[in-house]
Amino acid sequence: MTGLATAALQSSELLPEALDISFKPIPAVLVIAMLALFLVVGYLFKVADTEGMWVAGRSIGNVENGMAIGANWMSAASFLGLAGLVALAGFYGLAFIIGWTAGYFVLLIFLAAQMRRFGKYTAPDFVGDRFNSDTARALGALTTILIGFVYSVGQARGMGLVGLYVFGTDYVTMVVIMMAITVAYLSLSGMMGATKNMAVQYVILIVAFLAAVYVVGFTGGYSTVLPQIEYGALINDLNSEFSEPFANSSFFLWVATAFSLVFGTCGLPHVLVRFYTVENEKTARHSTVWGLFFIMLLYWGAPALAAFGVDLYDASQYGPTYAAEGGMSGGEGDLIVVLAAQLSNLPTWFVGLVAAGGIAAAIATTAGLFITASSAVSHDIYTNIINPDATQREQVLVGRGTIVALGAIVTLTALDPPALVGELVALAFSLAAIVLFPMFFLGLWWENTNREGALAGMSVGLLIWVGAVVNDLILPFSDLYREVFPAIGAALVGTPLVFAITIAVSRLTEEPPEDTKRMVRQCHSPEPMSRQESAEDVATDGGETPADD
């Protein structure tokens, strides 16, 4: 398998018979009540200032932030797409579990506390101030917006598929309705309301997912108390597409995918912004550990549910179609979590609960993505570059307008998405790993990284990623380029290259100002800082380090 343009993961078409697409009253009530709850929470925690809009007043505790990290992270790609990728691509799908989990250890060790000490609102804010460059800030903002867009298309597809299953209407209608509700509560509430909702959404999604793992495993006779381990007995009974290592891909692509996901995790703006919402660096570390624990609860069970779903599907009346056409469709794979519960002949209300968890996961991640993208436009582009005298009201209005505009663009794209949920999300990770992670790591750990090096590295990284996506999904131009830079795993070669370019150019050009170096050192100081204090405040005694290009 080379990139996304492959038959290995099948088409995204649905088989309505298998998915029982019809109006289901009890699941519909559950989903509507859940969506109404999100709107109410958003209204109760609505904000009017930039501090509440972008970083929730830096007031979130470690357990609550850990739950928000979990919900923000475990999107439709985790709740639905992860099991779907394992079901459709077997061992290759495990690269997603390994990559999306291991990345948090790198994040915890190298970035979480240091980012909080730096103390900025957004990822582009970090890039602009650390490298004293509005051009770098603009590139960071553009990358953030692209990540938000690509990532959100996968969430919109997930919401549309689950809504289609629950309400029995058409896919287009469900995408439009679900995205409209998401945009409505985000435009009103900002980061404060989004964070409160993420805690609620995490409870819903993890209860729904774990219930599916245990109940499907028990009723199907697959497991008793530990389905996360007991499912291994199924491996030899499933077809080679599921159980043969790397049957659908090269070993290089497996490693490239896992690498991109590990380091993409450390470069995702909507993940890093969670560290800005807490009071201090200690809370940032603790909330990362809590977040990893909350994420583990779902990721540990995803392969089990995929195995149960594949076996149930193979044994069902749709098994002959599955065998004749070389596998289930992409739409069925993306809904394998719901499909497994349905094929286990569980009560409709239970299947509806599982479906509601998928919608909660998609909305939670879309919230984080839209907030970071809107802050990139309002705070980093509009306020820092276009109109430095913008009032807080103007900034919030621009941010809300960005949420509405991005919601419209994502909705239109999701009506005919180019890939599966998990694949779409992986593209965003690849971009984050190539463009942003090297800037975060070098910016925090090597004080001599300068403006020229950052601009060279980010520009090359962005060009590599755009070329990979165009070559894989839009207009193929080179088989060799696809082999070296597969869109889904372009970071394996691209990230070290960006590191090398950034370091080389930084060494060949003038060192950054001393104030900037002191600011980097302060990010590693053992001295605690207050809620509103940043490394820049401490290092320069309240002075500014303005962008000067």
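The values are calculated or read from the model by the stated rules, or taken from the named source; none is laboratory data. Since the model is a prediction, treat every value here as computed from it, not as a measurement. All Cβ positions, even for glycine, are placed from backbone atoms using ideal geometry, and neighbour counts span all protein chains on display. We work out accessible area using only protein heavy atoms, side chains counted, and drop any ligands, DNA or RNA first. Shrake-Rupley method; radii C 1.70, N 1.55, O 1.52, S 1.80 Å.
In the stretch 329-364, what count of residues is obtained for those that are open to solvent by 10 Å² or more (accessible area, probe 1.4 Å), more than 16 Å from Ile32 (Cα to Cα) and modelled with pLDDT of 85 or more?
Of the residues in that region, 6 qualify.
What are the residue pairs meeting all of these: first residue in the stretch 370-387, first residue free of Cβ contacts under 8 Å to residues at least 24 places away in the same chain, second residue of a type in the set (A, V, I, L, M), Cβ atoms under 6 Å, and 6 or more apart or on different chains?
Within 6 Å, the pairs are Tyr382/Val398; Thr383/Ala390.
For the stretch 1-90, which fully contained helices (runs of 4 or more DSSP H) count at least 1 residues that are within 20 Å of the chain's Cα centre (by Cα) and either at pLDDT below 75 or among the acidic types (Asp, Glu) (or both)?
Filter on the stretch 1-90 gives 50-55, 62-73, 83-89.
Residue by residue, here is whether (1) at pLDDT below 95; (2) small (Gly, Ala, Ser); (3) part of a loop (DSSP other than H, G, I, E, B) holds:
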| position | (1), (2), (3) |
| --- | --- |
| Val493 | no, no, no |
| Leu497 | no, no, no |
| Ile501 | no, no, no |
| Ser506 | no, yes, no |
| Asp515 | yes, no, no |
| Met519 | yes, no, no |
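Name the single residue, out of those in the stretch 141-172 being within 14 Å of the chain's Cα centre (by Cα) and open to solvent by 10 Å² or more (accessible area, probe 1.4 Å), that is modelled with the lowest pLDDT.
The extreme case among them is Val150.
So which residues in the stretch 250-273 are more than 26 Å from Gly90 (Cβ to Cβ) and either in contact with a Lys or Arg (Cβ under 9 Å, 6 or more places away or on another chain) or part of a helix (DSSP H, G or I) (or both), if there are any at all?
Pro269, His270, Val271, Leu272, Val273
Determine whether Met191 is out of contact with any His (no Cβ under 7 Å at 6 or more places or on another chain), at pLDDT 85 or above, open to solvent by less than 10 Å² (accessible area, probe 1.4 Å) and not basic (Lys, Arg).
So Met191 fails the test.
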